[in-house]
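Structure first, commentary second.
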Amino acid sequence: MQLGMRVAELFGRRVDGRAIAWARALIGVDCVLRGFEAWGILERVLAPGHLRLSYVSWAIAPSLDALPLYIAVWIGLALAFAGGWLTLVSGPVLSALMGYTLLVDQQTYSNHLYLLSLVVALLTVAESHRRPSLEGADPDATTVPAWSVMLLKLQVSIVYIFGAVSKINFAFLSGAVLYLNLRPSLKGMVGHFPPVLLVMAAASILLELWLAAALWSPRWRTRAVSIGIAFHVGIVLSLRTSESVQLIVFTTLMSTLYLQFFSHTPRHVTVYYDDSCGVCARVIGWFLARQRQPWIAAIGSTSGAAFQHDTSKFDLQQSILLVDYESGEYATGSRAFAALVKALPVVYQPLRIAALPGFVLVSDAVYGLIAKRRHEISSRLGLDRCAVAPSIGQRS
Amino acid sequence: MDTRDDAAPRRRPHPRAWWAAGLFAAFVSAQLAIPTLMLAGPRPSRFGWQMYAGFRALDVYTAVRHDGSTAPIDLRAFFGNLRADAYIAPAMFVPHVCGRHSDARAVRVRHVMSGDTEEYTCSSE
């Protein structure tokens, strides 16, 4: 194949853009938060009596008087970007403003701000403006360039790989860097057990390297997301509170970028549900009414003749059963609900977090609780009471 | 949540594919080259994704009075948001220390990372 054709094929490919829409909204909000943080930092740097540490000669910091306007522009652009309003302007200008802030003084640098600036630029080239936004949803704009999504994914792994490799030095491996940055209350605790710091240091390096690779593995991806979120939340809770806002910004940013590793294209599925239960039928009806295209085929458990799959291994009185049309894979409980959500518009997609490892323990427990009481709930809501008594054992 | 890679329907090849390929290659190259170069420097260094990657102590400044006694200089009194990876040029900073410590005849700088010590005389002007 000619190089030109291959380039055209690779860089003409498009993927579902719903995760890009969410990333734009969440990272826009992240930029608002970081804008307020930058205000405080710049106020201290520019305060009378404080010296400046020039980084590049041409980057002139705003004056203290102009700072509120500088931050107002930042936050205004971030809000516009989050809402998808004039994204082709707000994205590049916001990215440039944050990048410029990194350069006005050595004291304004932050890895998180650098990453935010890059990601906003990448989201702009990812055509995030074409997704549902304040400018109005474009029904044809269901896809975004695959290469731009790939760049966001690579950026995540690059941050983790270099974050890990740069920590391979005596100061970090000794636990000293961690100790110096821990919250005082934790310092007191681990200070008595220095080996804990050694283990934490080595584990964080290994974990970052693992995350960089595991996010690309279909087998490990969901576990990597749960572990990655727990890792970042752990960092926020254990490091100095003076860094908390920046660490929260970083946690939100990385968690949002995790979304890019997943397939968000709706799939044709068949769902079997207890149609003798009023609330069950109402919930399934809610999904059917909101799906953008007929991705979901719903079959009631009492319509045995209509069954298209072997359901004998599952108790349809205990849980809905979902079968993927293409792969033939089965899912029950909250995992089935998460798969159903894929057929819904973009605003409902965060509900899919319920199927992630760790989260699924909670969501399955809630699901089980509701499933057991579905008849009572149906009755209280004035919906049809179940005609069939709830089954306790497995279907024979 | 599905874990499979996207398999969205393909459209006609984008006419700007070459621009996209160039941007892609430039971005990835920069994101590999810059952090790799930064690994050769002290940790943490900027633009290298070196978060909490090492211990980098700032130089220690001491004012030396006319009677030979010394007084430590608190850098936080001079800078609003000092970071460990900041470089403070003594030639720029010493005049400010001398200005605030009128009884100082010199400023001693101990470079913590190298262990070297330098002394800068305060100008009488």
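The values are calculated or read from the model by the stated rules, or taken from the named source; none is laboratory data. What you see is a predicted model; the values in this text were computed from it and never measured. Counting neighbours? That spans all protein chains shown, and the Cβs are built from the backbone with ideal geometry, glycine included. The area values use the complete protein model at the heavy-atom level, side chains included, leaving out ligands, DNA and RNA. Shrake-Rupley method; radii C 1.70, N 1.55, O 1.52, S 1.80 Å.
Ranking A:VAL245, A:PRO218, A:ALA66 by Cα position along the charge dipole of the protein assembly as shown, where only Lys, Arg, Asp and Glu carry charges on their C-beta atoms, puts A:PRO218 farthest toward the positive end.
Amide H contacts for B:ARG105 (H built 1.01 Å from N in the peptide plane; partners 5 or more residues away or on another chain; cut-off under 5 Å): B:VAL64, B:ARG65, B:HIS66. Computed from Cα atoms alone, the Kirkwood hydrodynamic radius reported for the protein assembly as shown is 26.5 Å. Axis angle, to the nearest 10 degrees, between helix A:146-165 and the longest C-alpha principal axis of chain A: 60 degrees.
Its residue count N fixes a reference of 2.2 N^0.38 Å for the stretch A:223-364, and the Cα radius of gyration divided by that reference is 1.26.
Which order do B:ARG56, A:ARG223 take by accessible area at a 1.4 Å probe, largest first? List each step's numbers first, then the result.
Details: B:ARG56 55, A:ARG223 105 Å².
Largest to smallest exposure gives the sequence A:ARG223, B:ARG56.
Ligands, DNA and RNA excluded, the heavy atoms of A:GLU376 present near 80 Å² of accessible surface to a 1.4 Å solvent probe. Against the empirical curve 2.2 N^0.38 Å, the C-alpha radius of gyration of the stretch B:14-54 lands at a ratio of 1.58.
Just for the protein assembly as shown, what percent of DSSP beta bridges are antiparallel, to the closest 5?
Numbers: 25 of 30 bridges.
Percent antiparallel among DSSP bridges in the protein assembly as shown is about 85.
Annotation: peptides A:275-283, A:49-57, ranked by per-residue average of other Cβ atoms within 10 Å with the highest first, follow the order A:275-283, A:49-57. Among A:ALA338, A:LEU97, B:ALA40, flag the residue with its Cα farthest along the positive direction of the charge dipole of the protein assembly as shown, charges on Cβ as +1 for Lys/Arg and -1 for Asp/Glu. Going by the Cα projections, it comes out as A:ALA338. Ordered from highest to lowest accessible area with the whole protein assembly present and a 1.4 Å probe, B:ASP116, A:ASP16, A:ASP65 read as A:ASP65, B:ASP116, A:ASP16.
Hey, could you get me the Stokes-Einstein D for the stretch B:60-121, Kirkwood radius over alpha-carbon pairs, 20 °C and 1.002 mPa s, rounded to whole µm² s⁻¹? Value of D from the Cα-based Kirkwood radius: 178 µm²/s.
Based on the mean of other Cβ atoms within 10 Å per residue, sort peptides B:79-87, A:285-293, A:331-339 so the most packed one is first. Could the numbers behind the result be given before it?
Values: B:79-87: 17.8, A:285-293: 12.8, A:331-339: 21.9.
Result, highest mean Cβ count within 10 Å first: A:331-339, B:79-87, A:285-293.
Placing unit charges on the Cβ atoms only, positive for Lys and Arg and negative for Asp and Glu, gives the stretch A:177-329 a dipole magnitude near 540 debye about its Cα centre. Within straight-line reach of A:LYS342, meaning a Cα separation under 24 Å, sit the following lysines at least 8 residues removed in sequence or on another chain: A:LYS153. At the residue level, A:ILE205 shows approximately 10 square angstrom of accessible surface with a 1.4 angstrom probe and all protein chains present.
Between beta-carbons, use under 9 Å as the cut-off and find the net charge around A:TRP295, counting Lys and Arg +1, Asp and Glu -1. Could the numbers behind the result be given before it?
Values: positive: A:ARG267, A:ARG292, A:LYS342; negative: none.
Around A:TRP295, the surrounding residues sum to +3.
When the residues A:LEU33, A:LEU316, A:LEU69 are ordered by accessible surface, computed with a 1.4 Å probe over the protein chains alone, the sequence from largest down reads A:LEU69, A:LEU33, A:LEU316.
Evaluated with a Cβ-only charge set (Lys, Arg +1; Asp, Glu -1), chain A carries a dipole of roughly 520 debye about its Cα centre, given to the nearest 20. The residue list A:ALA21, A:LEU322, A:ALA371 was ranked by how far each Cα lies along the charge dipole of chain A toward its positive end, using unit charges on Cβ atoms, and A:ALA371 comes out on top.
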